[in-house]
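See below for the structure under consideration.
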Amino acid sequence: MMKKLVLASSNSGKLREFQFLLQPLGIEVLTQAQLGIDEAEEPHQTFIENALAKARHASRLSGLPALADDSGICVSALDGAPGVQSARYAGDDPKSDQRNNEKLLQVMQGVADRRAHYYCVLVLLRHADDPQPLIAEGEWHGEIALQPSGDGGFGYDPLFWLAEFGKTSAQLKREQKHAISHRGKALRVLLEKLQTSP
């Protein structure tokens with residue numbers, strides 16, 4: 001089992017989640033920013049292609065195994081948008097969770113079908129030229145709320161309404177969220193693959 005890997009992300013929310021989830025295995029998680037590595041380009045139309053590009057970039061420049069996550073929220077009434085553009089939905093100047101949430105609420109005004117799901121794909125490369133990356137996916141289904149609630153989590157969590165809890169994702173306790181989230185599901189699949197892979 002590897003002892004150290006680089007997370008191909010500079011997102012502090014993702015780092016906290018992965019550190020929390022990987023800590024029991026004794027895997028130290030470093031961010032690419034800690035190693036002076038810039039973010040990779042994400043020009044692709046699918047989560048999987050972007051995750052592979054990010055993992056290869058981080059592994060090549062760090063010499064370490066790399067874990068990349070590409071994830072986002074997909075809204076049924078918007079044909080899956082924001083999708084791969086979730087982090088940049090309201091533009092890059094600057095990237096802002098609050099601006100993204102405001103734009104989504106604006107676009108969803110008067111829309112009756114509020115079904116949405118978070119999607120996550122994880123790619124783990126043992127080295128930059130790994131021909132058989134470990135890949136895991138997870139989905140988490142809910143709805144887009146009419147207004148934001150809660151201050152936990154990040155991204156679209158204040159708008160991601162979970163009818164079975166009567167709360168948004170941002171109102172869940174961290175342990176509760178990790179047990180049911182798209183990222184938590186994907187990571188459990190990935191860890192299973194990691195423990196059984198050669």
(message) Given the criteria under 23 Å from H141 (Cβ atoms), out of contact with any strand residue (DSSP E or B) (no Cβ under 9 Å at 6 or more places or on another chain) and of a type in the set (A, V, I, L, M, F, W, C), does A112 qualify?
(response) yes
(request) Show the residue pairs that are 6+ apart or on different chains and have beta-carbon atoms under 7 Å apart, the first residue being within the stretch 133-158 and modelled with pLDDT of 95 or more and of a type in the set (F, W, Y), the second being surrounded by fewer than 19 Cβ atoms within 10 Å (Cβ to Cβ) and not in a loop (DSSP other than H, G, I, E, B). (result) W140/H117; W140/I180
(request) Output the qualifying pairs, or none if there are none: Cβ atoms under 8 angstrom, residues six or more apart or on different chains, first residue in the stretch 1-30 and surrounded by 19 or more Cβ atoms within 10 Å (Cβ to Cβ), second residue assigned to a helix (DSSP H, G or I) and modelled with pLDDT under 80. (result) L7/K14
(request) Check L15, L7 and return the single one that is within 25 Å of A170 (Cβ to Cβ), at pLDDT below 90 and in contact with a strand residue (DSSP E or B) (Cβ under 9 Å, 6 or more places away or on another chain). (result) L15
(message) Out of the residues in the stretch 135-155 meeting the condition of being acidic (D, E) and surrounded by 16 or more Cβ atoms within 10 Å (Cβ to Cβ), tell me which one is nearest to Q98 (Cα to Cα).
(response) E143
(request) Tell me which residues, restricted to the stretch 40-51, are surrounded by fewer than 17 Cβ atoms within 10 Å (Cβ to Cβ) and more than 15 Å from the chain's Cα centre (by Cα). (result) E41, P43, H44, Q45
(message) Which residue is surrounded by the fewest Cβ atoms within 10 Å (Cβ to Cβ), if the candidates are limited to the stretch 68-124 and must be acidic (D, E) and modelled with pLDDT of 95 or more?
(response) D79
(request) Could you check H127 against (1) farther than 18 Å from N100 by Cβ; (2) part of a strand (DSSP E or B); (3) in contact with a helix residue (DSSP H, G or I) (Cβ under 7 Å, 6 or more places away or on another chain); (4) not aromatic (F, W, Y) and say which number it fails? (result) (2)
(message) H127 - would you say it is within 20 Å of A66 (Cα to Cα) and exposed (fewer than 15 other Cβ atoms within 10 Å of the Cβ)?
(response) yes
(message) Quick check on R56: is it touching a residue at least 60 places away in the same chain (Cβ under 8 Å), charged (D, E, K, R), surrounded by fewer than 22 Cβ atoms within 10 Å (Cβ to Cβ) and touching a strand residue (DSSP E or B) at 6+ places or on another chain (Cβ under 7 Å)?
(response) yes
(request) Considering each of V84, V107 in turn, give the residue that is out of contact with any Lys or Arg (no Cβ under 6 Å at 6 or more places or on another chain), β-branched (V, I, T) and closer than 20 Å to E137 by Cβ. (result) V84
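Yes/no matrix, rows are residues, columns are (1) aromatic (F, W, Y); (2) farther than 25 Å from L7 by Cβ; (3) touching a residue at least 24 places away in the same chain (Cβ under 8 Å):
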| position | (1), (2), (3) |
| --- | --- |
| D92 | no, no, no |
| S96 | no, no, no |
| K103 | no, yes, no |
| A186 | no, no, yes |
| L191 | no, no, yes |
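The values are calculated or read from the model by the stated rules, or taken from the named source; none is laboratory data. Keep in mind that what you see is a predicted model, and the values were worked out from it rather than measured. A quick note on method: Cβ atoms are made from the backbone with ideal geometry, for glycine too, and the neighbour counts reach across all protein chains shown.
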